[in-house]
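This report concerns only the one structure given below.
Every read-out reported here was derived from the displayed coordinates using simple, explicitly stated rules and does not represent laboratory data. Small disclaimer: the values here were computed from a predicted structure and weren't measured. Note: ideal-geometry Cβ built from the backbone for every residue, glycine included; neighbour counts use all protein chains shown.
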Amino acid sequence: MSASEVIPASDKPQETFVLNVGPQHPATHGVLRLKMTMDGEYVARAEPVCGYIHRMHEKMGENRTWAQFLPNTGRIDYLAAMAYNHAYVAAVERAAKIEVPPRAEYIRVITSELNRISSHLVWFGAFLLDLGGFTPLLYAFDDREKILDLLEAITGSRLTYCYYRFGGVCNDIDADFIRGVREFVAGMRPRLKMYHTLVTENVILRRRLVGIGYIGREMCRKYGATGPVIRGAGVAYDVRKVEPYSVYRDLNFDIPAFPEGDCMARYRVRMEEIEQSLRIIEQGLDKLPDGPVMGGNVPRVLKPPAGDCCFAVEAARGRFLVRIISDNKEIPYRVRLRTPCFCNLSLFEEASAGMMLPDALALLGSLDLVIPDIDR
Amino acid sequence: MDFPEPIRLLAFLLGMMAFVAVNAAYLVWAERKGAGRFQRRPGPTEVGWAGLLQPVADGIKLISKQVIVPPGADPILFRVAPLLVMAPAMMTLAVIPFSETLVGRDINVGLVFVFAFGAINVMAIMMGGWASRNKYAIISAARVVSQDVAYEIPMLLVVITLLMVTGTMNLNEIVQQQAGWFWHWNLFRLDVNPLMPVTFIIFFICMLAETNRAPFDMAEAESELVAGAFTEYAGMGFGVFFMAEYANIVVGCSLATVLFLGGWQSPFGVGSGVIWFLLKMYALVFTVIWVRWTFPRTQFYSLLNLSWKILIPISMVTLVLTCILLKLT
Amino acid sequence: MIHSLQELADPFSALASQDTPPPTSPAAGAVVPAPVNPIQTVDFAAKGFHLDVRVQPAQVVDAASLLDRNGFAMDAVTGVDWIAENEMEVVYDYFHPDNSWRVVVRARVPRSQPEIPTISAVFPGANWHERETHEFFGIVFAGHPNLTPLLLPEDATYHPLRKDFVA
């Protein structure tokens with residue numbers, strides 16, 4: 001019996017009950033609440049209730065200078081903060097026409113991809129935890145720890161990075177970092193192979209993921225779901241390819257896409273992305289040019305010309321879009337943060353209808369939600 | 001042993017309680033240490049040498065906590081449930097032969113006794129879940145009942161298969177039949193019944209499911225049901241459920257040892273004794289821990305499918321084939 | 001299926017030239033400046049999108065349906081408070097899943113009566129974005145199925161992203 005064969009008994013309200021999953025629940029990985037109307041163990045309707053960690057970053061952007069908003073960007077998606085740094089910095093650079101030296105662009109790509117790997121590793125562990133497998137989490141954190149150590153050495157922080165500056169990055173990378181990254185890349189490939197043998201091929205895992213939690217192309221399009229969710233629906237949409245920013249145009253990598261649209265497809269997209277990120281990092285290190293890491297034309301008092309502009313990046317969870325509106329002042333007129341998890345979660349209500357509780361939570365886990373990213 | 005029977009029984013009961021409690025405490029330690037090793041970390045190290053006093057610290061913590069009965073819960077059933085889950089586990093241990101002489105009650109229907117008391121466990125968890133007045137607990141209670149009913153059937157079917165080979169329900173006699181080298185163990189007695197390994201595997205899977213252990217831990221699937229039937233239990237109420245879980249594992253593994261692995265018989269035919277029983281039992285317990293920390297959890301419907309669509313038909317076929325084989329030979 | 005940006009711009013021109021009066025017409029006296037050229041192809045490298053379309057508030061649903069028919073995906077809906085001009089702008093972002101096209105649709109409503117039809121019937125993903133825009137700006141999305149606060153507390157009566165909001 002698959003979950004899709006079951007018709008939810010939402011027309012029998014007297015036989016349903018409301019189950020509050022969260023805001024304190026092991027499966028929501030944060031303060032997300034799901035108001036689930038249950039028919040026995042079947043989910044008749046699951047309404048996400050968010051806002052428990054809402055901090056109004058967009059308003060904060062309107063009462064501090066352009067540069068002072070930089071640390072905020074590291075605190076939206078705390079697992080993949082580099083990409084958020086990147087989007088904001090690049091948006092301001094685009095508005096104010098600031099040049100970025102090539103070495104800084106390469107460093108940005110290398111650090112962003114390292115951060116993507118660490119984010120996917122956390123997801124891998126946490127997702128398996130959702131499915132009741134405890135052990136992979138510790139292995140994933142073991143690998144992630146190496147990335148955090150490397151990034152800590154050059155950025156000074158382990159999670160909420162504020163490393164990029166308008167016109168470059170704040171510290172150059174050194175030979176230790178390069179050697180450490182090469183060692184990590186060399187060590188990560190066998191680990192990935194081990195994950196596939198131990199986890200991906202596990203029969204219980206396959207039964208829990210294959211055919212469960214279908215999200216199709218149309219649903220992704222209607223809800224604006226991006227990242228591994230849309231790639232798991234067979235659409236090779238990746239901002240790094242369709243709107244190539246930074247130096248991604250010069251690097252050779254593939255966009256993994258699996259047409260099945262189930263949890264397994266999203267799982268495999270992310271695992272494959274780790275491999276692709278390793279490729280990008282290797283190429284980035286090979287091509288890393290010499291030179292300064294900060295552009296020369298960064299004004300001391302930054303006042304981008306009036307007007308609006310956007311910058312989108314491929315964050316670990318999907319398309320992150322920053323829209324900035326300037327009125328030629330020292331503080332932004334408006335900063336709009338379009339976060340991927342917000343859109344990815346909004347389809348949960350439609351996608352989860354009629355599923356059984358454990359499958360619905362597997363679907364929730366496969367969306368890879370970071371709650372501060374939804375609530376901002 | 002010239003003690004009068006009541007005193008002997010009392011001593012045995014006390015010994016059994018101490019065994020179960022210490023065993024549960026140190027199985028938790030072993031589980032945490034084992035989990036640590038599987039996960040490339042040291043596990044408990046702080047309290048005592050290699051964390052050996054950790055269970056004591058945990059016990060003191062649990063005992064010193066208030067037992068909170070949530071408002072709206074059934075106060076009597078809520079308190080009775082932990083006792084009811086613990087008692088049958090101890091009762092069953094009374095008929096398990098630890099060695100030829102070390103057995104609480106050597107009765108003829110030992111096997112029936114074990115299963116009769118083993119079934120109470122389900123009722124106790126259901127009671128705790130229902131009395132908690134918590135939706136997670138009620139879902140968990142409903143799951144436990146359907147799970148244990150589903151797995152009781154293949155388990156009993158394979159036990160019947162075994163009984164046809166042994167011809168007795170006295171656990172000590174079953175062990176005595178397996179004397180000699182290890183190929184005399186029921187597991188390897190392919191000459192009598194070539195399907196013995198199959199029955200053992202089914203028995204072991206059912207045992208995992210009956211004791212609500214991963215990958216079949218539907219009752220306290222923490223990523224779905226928080227802590228399932230035990231969500232509302234605090235302090236020692238939870239502690240007793242926890243101890244009972246380990247007591248049930250010991251019972252299940254003891255039974256598997258007695259029925260399939262020759263109980264207290266030495267694998268080499270000489271030097272039989274309680275040490276062999278404990279070795280075999282703890283090897284099985286280790287396997288149970290190993291499985292838990294290796295596999296993810298199944299879904300509930302796959303779990304029931306496994307029982308009704310795979311295990312029950314296979315055990316039925318095993319039963320029929322064994323009948324035919326025994327008739328032919 | 002469209003093959004070039006010009007093919008996309010043309011239906012928009014047709015849409016803009018229909019010039020249907022909005023059903024919920026703004027209050028008399030409110031300034032609704034009609035831009036000279038509502039459809040602009042902009043430089044992606046400088047702006048981050050290709051097509052910048054300004055429509056009347058009543059036309060946002062038509063614009064959304066047009067983009068939906070052409071395979072565009074919902075990106076975001078947000079607001080901007082142009083307090084100096086006494087207007088609110090609602091900005092709709094769209095991207096195309098199969099290529100790099102980015103379209104921005106804008107509509108302006110008066111601050112005194114910020115009301116605009118919902119596009120959540122066309123793009124269900126807009127539901128949450130519109131709820132968010134409603135709570136942050138006080139813009140009412142007419143016909144929205146559930147216009148309750150999403151991120152703010154359910155009893156919030158303030159609109160924090162309005163420029164005259166004082167905490």
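Treat the range B:203-329 as a sphere of radius equal to its Kirkwood radius over Cα pairs and apply Stokes-Einstein at 37 °C in a medium of 0.692 mPa s; give the translational diffusion coefficient in µm²/s, rounded to a whole number. Could the numbers behind the result be given before it?
Numbers: Rh = 16.8 Å.
Here the translational diffusion coefficient equals 195 µm²/s.
Under 5 Å between amide hydrogens, which residues at least 5 positions from C:ALA73 or on another chain qualify, with H placed 1.01 Å from N in the peptide plane?
Under 5 Å from the amide H of C:ALA73: C:PHE95, C:HIS96.
Quick one: order C:MET74, B:MET236 by neighbouring beta-carbon count within 10 Å, fewest to most. Please list the in-between numbers first.
Numbers: C:MET74 29, B:MET236 19.
Arranged by neighbour count, lowest to highest, C:MET74, B:MET236 become B:MET236, C:MET74.
Towards the positive end of the charge dipole of the protein assembly as shown, with charges on Cβ (+1 Lys, Arg; -1 Asp, Glu), say which of A:CYS343, B:ALA18, C:ALA63 has the farthest Cα.
Ranked along the dipole, the leading option is B:ALA18.
Provide, for q = 0.11, 0.12, 0.14 Å⁻¹, the log10 of I(q)/I(0) from a solvent-free Debye sum over equal Cα point scatterers in the range B:68-328.
Reported log10 I(q)/I(0), two decimals: -0.60, -0.71, -0.94.
Compute the separation of the alpha-carbon centres of the range B:90-160 and the range B:269-301 and state it in Å as a whole number.
Cα centres, the range B:90-160 to the range B:269-301: 18 Å.
How would the protein assembly as shown be classified by its alpha-carbon gyration tensor: rounded, prolate or oblate, with rounded meaning a/c under 1.5 and the a/b versus b/c comparison settling the rest? Can you show the working numbers first?
Numbers: a/c = 2.51, a/b = 2.10, b/c = 1.20.
Judged from the Cα gyration tensor, the protein assembly as shown comes out prolate (a/c at least 1.5, a/b above b/c).
Can you give the average number of partner chain beta-carbon atoms within 10 Å of each beta-carbon in peptide A:125-133, as a whole number?
Values: counts 0, 1, 2, 2, 3, 5, 9, 14, 9.
Partner-chain Cβ atoms within 10 Å, mean over residues of A:125-133: 5.
Based solely on its DSSP helices, what 222 nm [θ] is calculated for chain B when runs of n ≥ 4 H residues each add -39,500 (n - 2.57) and the sum is averaged over all residues, nearest 500 deg cm²/dmol? It would help to have the intermediate numbers written out before the result.
Details: 13 runs with 210 residues, N = 329.
Dividing the helical sum by the residues of chain B leaves -21000 deg cm²/dmol.
I'd like the mean, over residues of A:214-225, of how many other protein chain beta carbons sit within 10 Å of each residue's own Cβ. Provide the component values of the computation, followed by the final result.
Numbers: counts 0, 0, 0, 3, 1, 2, 4, 11, 8, 8, 16, 4.
For this peptide, the per-residue mean of nearby foreign Cβ atoms is 5.
Past 31 Å, Cα to Cα: identify those pairs from B:LYS61/B:LYS135; A:LYS146/B:LYS135; A:LYS222/A:LYS303, in the order given. Could you put the intermediate results ahead of the total?
Details: B:LYS61/B:LYS135 27 Å; A:LYS146/B:LYS135 42 Å; A:LYS222/A:LYS303 37 Å.
Those over the limit are A:LYS146/B:LYS135; A:LYS222/A:LYS303.
What dipole magnitude, in Debye to the nearest 20, does the protein assembly as shown give about its Cα centre under +1 on Lys/Arg Cβ and -1 on Asp/Glu Cβ?
Using Cβ point charges on Lys, Arg, Asp and Glu, the protein assembly as shown gives about 1020 debye.
Given the options B:GLU220, B:GLU100, B:GLU152, state which has the largest fluctuation in a GNM of chain B using a 10 Å cut-off (strictly under) for Cα springs.
B:GLU100
Which of A:ALA104, A:ALA186, A:ALA236 ends up with the largest GNM mean-square fluctuation for chain A, with Cα atoms connected below 10 Å?
Highest fluctuation among the options: A:ALA186.
If I build a Gaussian network model for chain A, linking alpha-carbon pairs within less than 10 angstrom, which residue out of A:THR226, A:THR73, A:THR200 has the largest mean-square fluctuation?
Greatest mean-square fluctuation among the candidates belongs to A:THR200.
Going by the alpha-carbon gyration tensor, a ≥ b ≥ c the square roots of its eigenvalues, is the range A:228-289 rounded (a/c under 1.5) or, if a/c is not under 1.5, prolate (a/b greater than b/c) versus oblate?
Numbers: a/c = 3.90, a/b = 1.90, b/c = 2.05.
Cα axes put the range A:228-289 in the oblate bin.
For A:TYR78, B:TYR233, what's the fewest-to-most ordering of other Cβ within 10 Å of each Cβ?
A:TYR78, B:TYR233
Among the lysines, which fall within straight-line cross-link reach of A:LYS287, defined as a Cα-Cα distance under 22 Å, with same-chain neighbours fewer than 8 residues apart omitted?
A:LYS241
In degrees, nearest 10, range 0 to 90: what is the angle between the Cα axis of helix A:263-287 and the longest Cα principal axis of chain A?
So the helix axis and the longest Cα principal axis differ by about 20 degrees.
Quick one: order A:LYS222, C:LYS163 by neighbouring beta-carbon count within 10 Å, fewest to most.
Working: A:LYS222 20, C:LYS163 13.
The fewest-first ordering by Cβ neighbours comes to C:LYS163, A:LYS222.
For the range C:83-151, which GluC sites (Glu not before Pro) are in a loop by DSSP, counting at most 15 other Cβ atoms within 10 Å? Display every interim value, and only then the final one.
Numbers: sites: C:GLU85, C:GLU87, C:GLU89, C:GLU115, C:GLU130, C:GLU132, C:GLU135; in loops: C:GLU85.
Those that pass, being in a loop and sparsely packed, are C:GLU85.
Pairing the Cα long axis of helix A:135-155 with the longest principal axis of chain A, what angle in degrees results, from 0 to 90 and rounded to the nearest 10?
Tilt relative to chain A: about 20 degrees.
For A:LYS329, give me every one of the aspartates and glutamates with a C-alpha distance below 14 angstrom, ignoring sequence neighbours fewer than eight places off in its own chain.
A:GLU62, A:ASP308
Can you list residues whose amide H is under 5 Å from A:CYS170's amide H, if they're 5+ apart or on another chain and H is modeled 1.01 Å from N?
Residues meeting the amide H criterion: A:ARG165.
Work out the FRET efficiency for A:SER157 and A:THR65 from their Cβ-Cβ distance, taking R0 = 22 Å, and round it to the nearest 0.05.
Working: r = 21 Å, r/R0 = 0.94.
Once the sixth-power term is evaluated, E becomes 0.60.
Is the shape of the range A:69-350 rounded, prolate or oblate, going by the alpha carbon gyration tensor and its root eigenvalues a ≥ b ≥ c, with a/c under 1.5 for rounded and a/b larger than b/c for prolate?
Oblate.
Across peptide B:287-297, what mean number of C-beta atoms from other chains lies inside 10 Å of a residue's C-beta?
5
Averaged over all directions, how much area does the convex hull of the C-alpha atoms of the range A:266-315 cover when projected, in nm²? Numbers along the way, then the final one.
On the way: hull surface 25.0 nm².
Spelled out: convex hull of the Cα atoms, projected over all directions, averaged, 6.3 nm².
Quick one: dipole size for the range A:69-350, taken about the Cα centre, charges +1 on Lys/Arg Cβ and -1 on Asp/Glu Cβ, in debye to the nearest 20. Let's see the in-between values first.
Values: 39 positive and 35 negative charges, 122 e Å.
In debye, rounded to 20, the range A:69-350 gives about 580.
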